[in-house]
Amino acid sequence: MTASRRRFSVCVTVTYTHLVRLHEWIDRRSLALHDAVAARIEADPQLLNVARENLDRWLSVAPQPALLEWKRLLDATPLPALLALLRSTGERAARLRQFSAIASPA
């Protein structure tokens, strides 16, 4: 392997590692935010109305699949299950947090 190729390989590895760590940090920050939101909603469930209003406004402009999923969740999920989802480290919860309609009440 040439020196130039080694430098490129190191650069790609460092950049990839940096991006993975950055994404992990973003996921942890998002989880912490949603945990705080869940605590506020738990104390005052009426705060879910803010999320519902945001969702309705956003859906009227652009009915994205993630927003439609949040709408179904807010309409049909019992509060304890919704709070558990907000605090979950699972794959579905992480995916939903990337396009969250619920973070604004915090």
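Just so it is clear, none of the values below were taken in a lab; they were calculated from the coordinates. These numbers come from a predicted model, not from an experiment. Cβ: placed from backbone, ideal geometry, glycine included. Neighbour counts: every protein chain shown.
Hey, if you drop one equal point scatterer on each alpha-carbon of segment 30-97 and run the Debye formula without solvent, what base-10 log of I(q)/I(0) do you get at q = 0.17 Å⁻¹?
-0.60
May I ask you to derive the FRET efficiency for ALA62 and ARG29 from their Cβ-Cβ distance with R0 = 30 Å, giving the value to the nearest 0.05? Intermediate results must be reported in sequence, preceding the final value.
Details: r = 25 Å, r/R0 = 0.83.
Computed FRET efficiency for ALA62 and ARG29 comes out at 0.75.
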